[in-house]
Amino acid sequence: MPLLSSAELQGEMKRVKASVDGVILDELLPARGGPEVELLYKMMRDYPSRPAKGLRPFLCVTACRAAGGDERKALLTAACLELFQHWILIHDDIEDRSELRRGEPTLHRKYDEALALNAGDALHARMWGALLANEEVLGPHGALRVMKEFSMLVNETTEGQHMELSWVRDRRWDLDESDYYVMCTKKTAWYTVASPCRLGAIVAGAGEDTLEALKDFGLKLGVAFQIQDDALNLVGEKAYGKAKSDDILEGKRTLILLHALRSASAEQRRRLVAIMDKDRDKKTQQDVEYVLSLFSKRGSVEYARRKAKALMTDALESLDSYRWRGDEDAVALLESFARFAVERRW
């Protein structure tokens, strides 16, 4: 099967997402109880109901097929990945004081911070409860393997988030690219690509050799995906879903920022650090424009995108080197997704 166009790939992602959304909204998050509890469930269903790429369930289901499994058996696991995504986004938006999520006000802006935190906690609990139900689909051994991967996934993601938040809080500037790659691997790569792929393979009953191949593929591509996300936050051609240049307002240490710091003059570095150290509500539009201008002058966005493409190429080599036992069309879909991850404009 040749590589798919972006439209064809997105069509397949939408197909999988529709199936998984049905599991989430119809079976896992039914409204129930009095008005207060009904509001809780309304809030729990909010982010899952917003337009999204659905890339994690797509990767889970597609990797299951590539490893020789039945995609229907992967739907509950894929739904749990979405529940994971939604509860960490709710918490992440509060931690970063974000204003927008997928083009709409963040949950804590739409309602209340305390209520949003509680809704995130409720989604987290629902995720583990749904994973227990996997025993009926995968048997005790398969369900336990899935839960172990989720446990590792949660730990890696929260460690990475802690690293990034600590760098901003502590005003850390003694960082280099290797620090960014470690943080990004933990915070993004595991839960965005590596674990979704590995979970699909686990559902298919794959062995450790398959899981290792998908780990190598997923961690490289996951970092590449985040680098492109960082670039799109600054220069995206389409609606990004968050406020443009939010990463500057939040003071995030991206690969783009680290490159600009390394390549700038002493005076440019001084001013850049002074701006990035300001609290979000103290940064002005002039501050943001200066940072964007410096990124442009130093070629920092282009540098980061070259790094993302190199990581994507390495990830594809890992995928191509493995002899898959399942659906060849699914392997081609994974290859198409890898290219989409760094070539997308949204």
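The ratio of the alpha-carbon radius of gyration of the range 222-305 to the globular-protein estimate 2.2 N^0.38 Å is 1.02.
Distance between the 7 Å Cα→Cβ label points at K278 and S166: 2.8 nm.
Descending by average beta-carbon neighbour count within 10 Å, the peptides 201-212, 28-39, 81-92, 268-279 line up as 81-92, 201-212, 268-279, 28-39, the highest first.
Computed per residue of the chain from DSSP H runs no shorter than four, each worth -39500 (n - 2.57), the mean residue ellipticity at 222 nm is -23000 deg cm²/dmol. Reported to the nearest whole Å, the Cα centre-to-centre distance from the range 109-155 to the range 293-321 is 33. Quick one: among D70, D216, D112, which has the greatest mean-square fluctuation in a GNM of the chain with alpha-carbon springs under 10 angstrom? Its mean-square fluctuation being the largest, the pick is D112. Altogether, the Stokes-Einstein calculation at 20 °C and 1.002 mPa s, with the Kirkwood radius of the chain over Cα pairs as Rh, returns a diffusion coefficient of 103 µm²/s. Taking a straight line from the alpha carbon of K283, these lysines sit under 30 Å away, with near neighbours fewer than eight places off in the same chain left out: K110, K186, K187, K238, K242, K244, K252, K297, K307.
When you count the other C-beta atoms within 10 angstrom of each residue and take the mean per peptide, 164-170, 63-69, 299-305 line up highest first as 63-69, 299-305, 164-170.
Give me the percent relative contact order of the chain, please, defined on Cα pairs under 8 angstrom at least 6 residues apart. Kindly include the intermediate steps, with their values, before the conclusion.
Numbers: 479 pairs, mean separation 79.5, N = 346.
So the answer I get is 23 percent.
Calculated FRET efficiency, Y41 to R271, Cβ-Cβ distance, R0 = 51 Å: about 0.60 to the nearest 0.05.
If R0 is taken as 22 Å, the Cβ-Cβ distance between E27 and L115 corresponds to a FRET efficiency of 0.40.
The order of S318, S265, going from fewest to most other C-beta atoms within 10 Å of their C-beta, is S265, S318. Charging the Cβ of each Asp and Glu at -1 and of each Lys and Arg at +1, and nothing else, the dipole of the chain about its Cα centre rounds to 860 debye.
Provide the FRET efficiency to the nearest 0.05 for the E328-R262 pair, computing r from the beta carbons and using R0 = 45 Å.
Numbers: r = 43 Å, r/R0 = 0.96.
Given R0 = 45 Å and the Cβ-Cβ separation, E is 0.55.
Overall, the anisotropy analysis places the range 1-71 in the prolate class: the square-rooted eigenvalues a ≥ b ≥ c of its C-alpha gyration tensor yield a/c not less than 1.5, with a/b exceeding b/c.
FYI, it's all coordinate maths here, none of it is from the lab. The structure displayed is predicted, hence computed values, not measured ones. Quick reminder, even Gly has a Cβ in these numbers, built from the backbone with ideal geometry, and neighbours come from all protein chains shown.
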